[in-house]
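The values are calculated or read from the model by the stated rules, or taken from the named source; none is laboratory data. Model, not experiment: these values are computed from the prediction. Positions of Cβ are backbone-derived with ideal geometry, glycine not excepted, and every protein chain shown enters the neighbour counts.
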Amino acid sequence: MNHIIITGGAGFIGSNLIKTLFNTRSGIRITCIDNFDPFYSADIKQLNIRDFKSNPDFHFIYSDIATTTPIELNELIEEPVNVIAHIAARAGVRPSIQDPLSYQQSNVIGTQNLLEFARQRGVKQFVFASSSSVYGLNDHLPWKEDEQLLPISPYAMTKQAGEMLGHVYSRLFGIRFLALRLFTVYGPGQRPDLAIHKFIKAILKGEPVTMYGDGSTSRDYTYVDDVVHGIINAMNYDSTSFEIINIGNNHTVSLKELVIAIEEVCSKKAMIEQLPEQQGDLQKTFADISKAKKLLGYNPGMQLKDGLKKFYDWFLQNQEILMNA
Ligand SMILES: NC(=O)c1ccc[n+]([C@@H]2O[C@H](COP(=O)([O-])OP(=O)(O)OC[C@H]3O[C@@H](n4cnc5c(N)ncnc54)[C@H](O)[C@@H]3O)[C@@H](O)[C@H]2O)c1
């Protein structure tokens, strides 16, 4: 893989992917496509890509994948492309209930545009950031990839649609398509709408922490470096032409336990404000990762406490931006 397109590279996971690729691979060039979607502050996205901007092997295209046609993408990107890591999306379950159309545009039409570009340009490898949310109401935990999908949010449905678009392009045009179902990702750079970021910011500001439900919901928190490792191995995977693979941690943590772990890292008690459970939220997420282990040599190693500490250190280093974003 020499020339890689990474969509959503100014976001949390995409920027961590770029950082690891530049730190561990030589002779690669990365084209990042991102539109600084207003879902959260552009200041945070600028911070995410700050260190790459001066790298001559990093090329940034400011573009909306929902409205940029494959022909326009062809004009913007002249160099042959070896791999596309399609990470860009409107993320977040709750806001998708308020504004489902923008999720369709970015996540479904955007994925369609990228796949069509891949077909026209003969790109052979396409890695797609899907989500554990596609399992939805399925209560047969831990989830395996062949479980029934019962999504309960527009966001989750767009991710399922992306997987199926990939299946079509893989069958019709021989593009190897790997859909990675990511489970609640955390670590330096984590989005400000996600629990760990929100809680730590509130604790540092001395503000109440908003907890939806009674704290019994649980998530399979997965550290971003482990996720990035899975994505990079998927970018190099060359055995079969279509796979869907869980990228989780195979360990669930309740919201209550998470708050206690965060309090320990911050050495400060949280003031909890309990609100009703939110529509679209799942009770529990839990990944069976045996397929990822087998196909990608994936082996998540980060303990929650250590990962939270890394997030906390990143937050403190950048608090001038993050406290006001
Ligand atoms: N963070 C998680 O816990 C998690 C879990 C499951 C799946 N995912 C998926 O992983 C991917 C990355 O998530 P993240 O947490 O890094 O989110 P993020 O919002 O930090 O990153 C997404 C990036 O995509 C860009 N983007 C959005 N719409 C775009 C458009 N129309 N055109 C161009 N760029 C656009 C945004 O500006 C942003 O920089 C997403 O596809 C998300 O659905 C994330």
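Here are some notes:
- For segment 148-178, the candidate set comprises residues that are farther than 15 Å from residue 114 by Cβ and of a type in the set (S, T, N, Q); within that set, the residue that is surrounded by the fewest Cβ atoms within 10 Å (Cβ to Cβ) is 148.
- Which listed residue is away from the ligand (no atom under 16 Å from the Cβ), of a type in the set (D, E, K, R) and either within 18 Å of the chain's Cα centre (by Cα) or assigned to a helix (DSSP H, G or I) (or both), from 181, 191, 171: 171
- Top-ranked residue in segment 254-283 [being within 21 Å of the chain's Cα centre (by Cα) and buried (at least 16 other Cβ atoms within 10 Å of the Cβ); ranked as modelled with the lowest pLDDT]: 280
- Residue 70 falls short of the stated requirement of being out of contact with any strand residue (DSSP E or B) (no Cβ under 6 Å at 6 or more places or on another chain), away from the ligand (no atom under 13 Å from the Cβ) and over 22 Å from residue 108 (Cα atoms).
- As for segment 219-235, it holds at least one residue that is in a strand (DSSP E or B) and of a type in the set (Ser, Thr, Tyr).
- Residue 95 surrounded by fewer than 15 Cβ atoms within 10 Å (Cβ to Cβ), farther than 21 Å from residue 177 by Cα and within 12 Å of the ligand (Cβ to nearest atom): no
- Candidate set: segment 118-146, residues that are more than 13 Å from the ligand (Cβ to nearest atom) and assigned to a helix (DSSP H, G or I); chosen: the one farthest from residue 84 (Cα to Cα): 120
- Segment 47-88, residues that are in a loop (DSSP other than H, G, I, E, B) and hydroxyl-bearing (Ser, Thr, Tyr): 54, 63, 67, 68, 69
- Scanning segment 101-112 for any residue that is touching a residue at least 12 places away in the same chain (Cβ under 8 Å), part of a helix (DSSP H, G or I), within 8 Å of the ligand (Cβ to nearest atom) and surrounded by fewer than 20 Cβ atoms within 10 Å (Cβ to Cβ) turns up at least one such residue.
- Residue that is closer than 23 Å to residue 285 by Cβ and in contact with a Gly (Cβ under 8 Å, 6 or more places away or on another chain), where the choices are 141, 115, 150, 137: 150
- Residue match in segment 152-162 (condition: in a loop (DSSP other than H, G, I, E, B) and charged (D, E, K, R)): no
- Qualifying residue in segment 44-53 (condition: more than 7 Å from the ligand (Cβ to nearest atom), modelled with pLDDT under 95 and surrounded by fewer than 23 Cβ atoms within 10 Å (Cβ to Cβ)): yes
- Taking helices (runs of 4 or more DSSP H) as the structural unit, those lying wholly within segment 236-325 and holding at least 2 residues that are out of contact with any helix residue (DSSP H, G or I) (no Cβ under 9 Å at 6 or more places or on another chain) correspond to 255-266, 290-296, 304-317.
- Of all residues in segment 13-43, those being closer than 23 Å to residue 81 by Cα, in a helix (DSSP H, G or I) and within 13 Å of the ligand (Cβ to nearest atom) number 7.
- Matching residues in segment 194-211 - criterion: being outside any loop (DSSP other than H, G, I, E, B) and away from the ligand (no atom under 16 Å from the Cβ): 202, 203, 204, 205, 209, 210, 211
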